[in-house]
Structure formats: C-alpha cells, structure tokens
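So the structure is just underneath, and the comments pick up after that.
The values are calculated or read from the model by the stated rules, or taken from the named source; none is laboratory data. This one's a predicted model, so the numbers in the text were calculated from it and none came from an experiment. Because the Cβ atoms are built from the backbone with ideal geometry, glycine has one as well, and the counts that use them run over all protein chains shown. We work out accessible area using only protein heavy atoms, side chains counted, and drop any ligands, DNA or RNA first. Shrake-Rupley method; radii C 1.70, N 1.55, O 1.52, S 1.80 Å.
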Amino acid sequence: TTVNAMVAVHWDAGFFAPAGVELPLLYGLGAAALALAGPGRWSADAVLPLPAPLRPHRLAVGLAALSLALATAAVVLILRG
C-alpha cells in the first residue's frame, strides 16, 4: 500500500514537499524493518502457538513477505497504469 501511495500520489511532488514522498517512504521502511526483525520477546507472537519452524527463520520469512508485497504493488501499479 505504501509503495502504491508513493508512486501514484506522492512521486510527482518531489521528496521534501508538502505532499512529498518522504513520509510514505518512512512508513514503508519502518514496516520493512519490523518484517525483517521479527517479533520480539514482548510481542503477541511470543505467546501465540506459532509453528516452531517459523521462529528461527524470521529473516527468510521477512524477506519473503517483503518480496510478496513488492510483487503485489507492482501488479497493482501495472493494472492501474
């Protein structure tokens, strides 16, 4: 959603402008950092009964989630185009 907002709405306004791309970029980078870092000790995921194979591979799962998100954003932008 953030990639689509950056490209479709904010891209033409530039980087630092009233409607610039810096805020959606910050939100997207924050979401990517959370996806790559995985759940922490105090998260809801720590108490949920998640499958054991997902816990040690959180970097791979985070990269897969980011790849899927970027592919979905590309499809939406192509269909919108």
What residue, of 18, 39, is exposed (fewer than 13 other Cβ atoms within 10 Å of the Cβ) and assigned to a loop (DSSP other than H, G, I, E, B)? 18
When residue 55 is run through (1) modelled with pLDDT under 80; (2) open to solvent by less than 90 Å² (accessible area, probe 1.4 Å), the failure sits at (2)
Among the residues of the range 4-24, are any closer than 28 Å to residue 80 by Cα and polar (S, T, N, Q)? yes
Inspect the range 63-73 for any residue being in contact with a Gly (Cβ under 7 Å, 6 or more places away or on another chain) and open to solvent by less than 100 Å² (accessible area, probe 1.4 Å) and give the result as yes or no. no
Cβ pairs under 6 Å, 6+ apart or interchain, first in the range 27-50 and more than 14 Å from residue 67 (Cα to Cα), second modelled with pLDDT of 80 or more and part of a helix (DSSP H, G or I), ordered by first then second residue, are 27/2
